[in-house]
Amino acid sequence: MKKIGFIDLHLDQFHANKYPGWIDQATGSAMKVVYAYGKRDKENGLTNAAWCKENEIELLPAIEDVVERSDYLIVLSPDNPEFHEELSRLPLQSGKPTYIDKTFAPDRETAIRMFDLATAHETPMYSTSALRFASEYTELDRSGIQTISSWGPGGFANYSIHQIEPVVRLMGADPKRVMFVGTPDSPALLIDYGNGRQAAVNHLGENCPFTLGIKNEDGSFKQVTAHSNFFALFIENLVNFFETGKPAVDPAETIAVITIIEYGLKAAATPYAWVELPN
């Protein structure tokens with residue numbers, strides 16, 4: 001059995017609650033989450049010790065201990081990417097396959113530093129939104145896409161990645177500029193790729209399904225909604241990454257996603273004005 005270690009800001013959160021069972025089921029118990037570290041206890045939630053007892057996972061006192069005793073590493077903190085660089089510093093120097101949960105980094109510069117650290121220590125690493133693996137999205141032809149209109153739930157800061165990542169996968173890692181065109185209740189962002197190619201990301205409320213409308217250069221149109229169990233498909237990909245050490249996501253795409261989110265938040269301060277993206 002291969003041992004997986006969790007490293008988290010606090011362990012009482014949705015991804016930490018779900019990943020152990022999903023991984024165990026996907027691998028027939030060939031991989032298990034057996035160790036965990038939490039930087040602090042969750043306010044108004046389970047303590048890290050209580051969470052570990054409830055989930056039958058051993059709580060370790062330091063990140064060093066988790067790194068040393070695990071075969072594979074998962075850095076969580078999905079809603080607090082500002083802690084990812086700190087929490088992943090030792091994992092990224094370990095040489096052990098490391099997955100870093102969404103959203104990968106709070107800004108472009110941090111994302112680049114983290115990839116550089118992993119590369120310097122030959123540590124296989126990637127990060128992704130589970131929506132990347134929705135079967136309705138992966139079956140789409142990436143050639144000839146002119147325009148995408150994307151819909152989804154949640155707020156921009158922590159949920160836009162689930163729309164932006166599929167856009168980048170389909171349209172490329174070289175967006176040119178962004179413009180905020182939404183409202184506080186319904187954030188929206190235009191992503192301009194140049195040469196008449198553009199995507200729009202729209203947050204339309206908690207009941208809005210993840211949906212893409214795609215117009216191609218030949219004038220054809222297709223609409224798809226992510227009905228598949230994209231979390232299960234993501235876990236399959238994660239297990240394959242641990243087994244092979246080969247990430248499924250190009251670092252350039254991850255950096256582009258983080259760049260769009262960072263500059264999209266900046267663009268919200270000056271609606272209806274283009275904000276150029278760094279190369």
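Taking residue 203 and the conditions (1) open to solvent by 30 Å² or more (accessible area, probe 1.4 Å); (2) under 21 Å from the mean Cα position of the chain (by Cα), which numbered condition does it fall short on, given that it satisfies the others?
Evaluating residue 203 over (1) open to solvent by 30 Å² or more (accessible area, probe 1.4 Å); (2) under 21 Å from the mean Cα position of the chain (by Cα) leaves (1) as the failure.
Which one of the conditions (1) more than 21 Å from residue 102 (Cβ to Cβ); (2) surrounded by 19 or more Cβ atoms within 10 Å (Cβ to Cβ) does residue 166 fail to meet, given that it meets all the rest?
Only one criterion is unmet by residue 166, namely (1).
Out of 6, 104, 14, 115, I need the residue that is modelled with pLDDT under 95, closer than 29 Å to residue 253 by Cα and under 22 Å from the mean Cα position of the chain (by Cα). Which one? Talk me through it step by step, then tell me what you get.
Working: 6 fails: modelled with pLDDT under 95; 104 fails: modelled with pLDDT under 95; 115 fails: modelled with pLDDT under 95.
Residue meeting the stated conditions: 14.
Restricting attention to segment 120-140, which residues are farther than 26 Å from residue 87 by Cα and in a helix (DSSP H, G or I)?
135, 136, 137, 138
Can you tell me which residues in segment 167-187 are within 13 Å of residue 268 (Cβ to Cβ), among the hydrophobic types (A, V, I, L, M, F, W, C) and out of contact with any helix residue (DSSP H, G or I) (no Cβ under 8 Å at 6 or more places or on another chain)?
181
Give the residues of segment 141-163 that are in a helix (DSSP H, G or I) and either open to solvent by less than 10 Å² (accessible area, probe 1.4 Å) or without any contact (Cβ under 8 Å) to a residue 24 or more places away in the chain (or both), sorted by residue number. Working first, answer last.
Going through segment 141-163, the residues in a helix (DSSP H, G or I) turn out to be 156-159, 161-163.
Residues satisfying the conditions are 161, 163.
Which residues, taken from segment 169-190, are crowded, with 17+ Cβ neighbours inside 10 Å and in contact with a Gly (Cβ under 6 Å, 6 or more places away or on another chain)?
Correct list: 178, 188, 189.
Just the residues that are open to solvent by 20 Å² or more (accessible area, probe 1.4 Å) and either within 19 Å of the chain's Cα centre (by Cα) or aliphatic (A, V, I, L, M) (or both), please, taken from segment 207-223.
Within segment 207-223, 209, 210 qualify.
Return the only residue of 222, 215, 246 being modelled with pLDDT of 95 or more, assigned to a loop (DSSP other than H, G, I, E, B) and of a type in the set (D, E, K, R).
Numbers: 222 fails: assigned to a loop (DSSP other than H, G, I, E, B); 215 fails: assigned to a loop (DSSP other than H, G, I, E, B).
Going through 222, 215, 246 in turn, the sole match is 246.
Could you check segment 1-29 and list, in sequence order, the residues that are open to solvent by less than 60 Å² (accessible area, probe 1.4 Å), touching a residue at least 24 places away in the same chain (Cβ under 8 Å) and of a type in the set (D, E, K, R)?
8, 12
Pairs please, first residue from segment 167-185 and at pLDDT 95 or above, second anywhere and loosely packed, with under 15 Cβ neighbours inside 10 Å and among the aromatic types (Phe, Trp, Tyr), Cβ atoms under 7 Å, 6+ apart in sequence or on different chains.
Sorted first by the residue in segment 167-185, then by its partner, the pairs are 177/274; 179/272; 179/274; 181/272.
Test of understanding: among 102, 96, 32, which residue is assigned to a strand (DSSP E or B) and either open to solvent by 20 Å² or more (accessible area, probe 1.4 Å) or within 17 Å of residue 9 (Cα to Cα) (or both)?
32
Can you confirm whether residue 117 is open to solvent by less than 60 Å² (accessible area, probe 1.4 Å) and assigned to a helix (DSSP H, G or I)?
Here the answer is yes, as residue 117 does meet what is asked.
Please give the number of the condition residue 193 fails out of (1) over 21 Å from the mean Cα position of the chain (by Cα); (2) part of a loop (DSSP other than H, G, I, E, B); (3) surrounded by 14 or more Cβ atoms within 10 Å (Cβ to Cβ).
Condition (2) is where residue 193 drops out.
Taking residue 51, is it open to solvent by 10 Å² or more (accessible area, probe 1.4 Å) and aromatic (Phe, Trp, Tyr)?
No, not satisfied.
The values are calculated or read from the model by the stated rules, or taken from the named source; none is laboratory data. Here the structure is a predicted model, which is why all the values come from computation and not from measurement. Counting neighbours? That spans all protein chains shown, and the Cβs are built from the backbone with ideal geometry, glycine included. For the accessible areas, the whole protein counts, side chains as well, though only heavy atoms, and no ligand, DNA or RNA atoms are used. Shrake-Rupley method; radii C 1.70, N 1.55, O 1.52, S 1.80 Å.
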